[in-house]
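Reading through the structure tokens given below for one structure.
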Amino acid sequence: MTITEIKRPQELSRLRRLALAAQGLLQNKPYGRGLAGARKAINHLGYVQIDTISVVERAHHHVIHSRVPGFEPHMLNQLLINKDIFEYWSHAAAFLPITDFRFSLPYKNAIKSGQTHWFRSPDKKLMEELLARIRSDGPLRSRDVGASTIKRAGWWDWKPAKKALEQLYMQGDLMVSDRDGFQKTYDLTERVLPSHVNLQMPSMEEYAAHLVDQQLRCHGFASLKGLTYLRRNAELRKAVNALVNERLAQGDLEKVKVSSGDEFILERGALERSLPRLKERMLILSPFDNSVIQRERLKALFQYDYQLECYVPETKRQYGYFCLPLLYRDEFVGRMDCKVHRKTSHLEIKNLYFEPHPFDEHRVVTAFVEAIVQFCHFQKSDSVSLNAVQPEHLTQRLRSALKPLG
């Protein structure tokens, strides 16, 4: 088996374009607009990660906004109510296509059989009581269980009833039927699922094929490690490896190697496909965006070393609490640490950092300002301020360009 080495800049650019096009980040409206576009985007991407950090609009809304014109945050809950998507665990908490429901069953079955997700030794008596209550009285809101005026540190401080609800959800007895922000409504799985959903437990071979096909579809190519990203299932990894080797031997897949030494698997002929042209535009992405969440892949493909520093002690942060990656054409050219002040509808850019790169400064500044206009609209911000810029010589130019935005 031969491995194609990606050496020339134009070859790397084509590989990057394949990745970005597969993620829907090169086209203006790859999935359409509004509610229908959001549904199609999630079906293509395979999941959208849910996150609680709210210094800017939440990650699950941000990811869809970056790909779907006319998207509004309320649309995700509408898709949930319409039963086009469901909420469960991917490599993290996520919204997933309802058509992929059966592939959540192996993990649910493992949790029900005793595997620990959040909590050891679940309170089975309390779980039975909650199930009986929901069965007789109807859906139950998370705010109605274990209510307390005491501010708690996180999920490890949850009250027993909340833990029991979450255990029932993780093992598949309950589903989230509705959301009001981060307040979830739970109901019996059989009352939430539409009748057409396939409930057959997938074999390990079927699960492996699902993951491989999904990753190649939404990423364009994948490393062997990336195919089972953060899934700690040795049997699944073994099945994925066997399937990849089989498809490589049959000639359906091929391998490429980039300068870092990382190898990627892709469908044969994928690099020869017609790809969208690069546009003079910038995208401000979420740190949890599907295109950047696999940090090793990001560094190997784009030479972009990115870490989300909200989990780093403040004294050790290099760029800021919640830096957003900046994608210009086919390169990640910087990051922006910012915060939305919702009471005053103001976007504060605390730190804007551009990577050392011989880019055309005028074009990048123009693209950044255009991106900020759209970002402010998405954040419902009427004004913007800029505190610090690296390199410093761009500070005045950027402030002048942003001045009309207030």
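The values are calculated or read from the model by the stated rules, or taken from the named source; none is laboratory data. Keep in mind that what you see is a predicted model, and the values were worked out from it rather than measured. Using ideal geometry, Cβ is built from the backbone for each residue, glycine included, and neighbour counts are taken over all protein chains shown. Accessible surface is based on the protein model in full, side chains and every heavy atom, while ligands, DNA and RNA are left aside. Shrake-Rupley method; radii C 1.70, N 1.55, O 1.52, S 1.80 Å.
At-a-glance table
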{"item": "Accessible area of the chain divided out per residue, in Å², using a probe of 1.4 angstrom", "result": "49"}
{"item": "Largest-first principal axis extents, alpha carbons of the range 26-162, Å", "result": "52, 35, 29"}
{"item": "Tail beyond 18 Å, pair distance distribution of the range 1-103 (Cα, percent)", "result": "53"}
{"item": "Three-way shape call for the range 51-96 based on the alpha-carbon gyration tensor, with the a/c threshold at 1.5", "result": "oblate"}
{"item": "Rg(Cα) / (2.2 N^0.38 Å) computed for the range 80-151, rounded to two decimals", "result": "1.31"}
{"item": "Per-selection Kirkwood Rh - the range 251-327 (Cα, Å, 1 d.p.)", "result": "15.0"}
{"item": "Rounded percent of accessible protein surface that carbon and sulfur make up, the range 256-349, 1.4 Å probe", "result": "45"}
{"item": "Axial C-alpha extent at least 18 Å, average Kyte-Doolittle at least -1.0 - helices from the chain (DSSP)", "result": "9-22, 124-137, 204-219, 234-250, 361-379"}
{"item": "Rg/Rh for the range 205-353, where both radii come from Cα atoms and Rh is the Kirkwood radius", "result": "1.05"}
{"item": "Whole-percent pair-distance distribution, where bins are 5 Å wide, for the alpha carbons of the range 332-406", "result": "3, 15, 30, 27, 15, 7, 2, 0"}
{"item": "Calculated semi-axes √(5λ) of the Cα gyration tensor in Å (choose from [x] 36, 30, 19; [y] 32, 29, 20; [z] 36, 22, 20), label", "result": "[x]"}
{"item": "Efficiency of FRET from Cβ geometry, Arg191 and His74, R₀ 22 Å, rounded to 0.05", "result": "0.45"}
{"item": "Descending Cα extents along the principal axes, the range 280-394, whole Å", "result": "40, 35, 29"}
{"item": "In Å, descending, principal axis extents of the Cα set of the range 211-258", "result": "27, 20, 20"}
{"item": "Within the range 332-367, trypsin sites (Lys or Arg not before Pro) in DSSP loop having at most 10 other beta-carbon neighbours inside 10 Å", "result": "Lys343"}
{"item": "nm² value of the averaged projected area, convex hull over the Cα atoms of the range 196-280", "result": "8.6"}
{"item": "Theoretical FRET efficiency, 1/(1+(r/R0)^6), r = Cβ-Cβ of Asp252 and His117, R0 22 Å, to 0.05", "result": "0.05"}
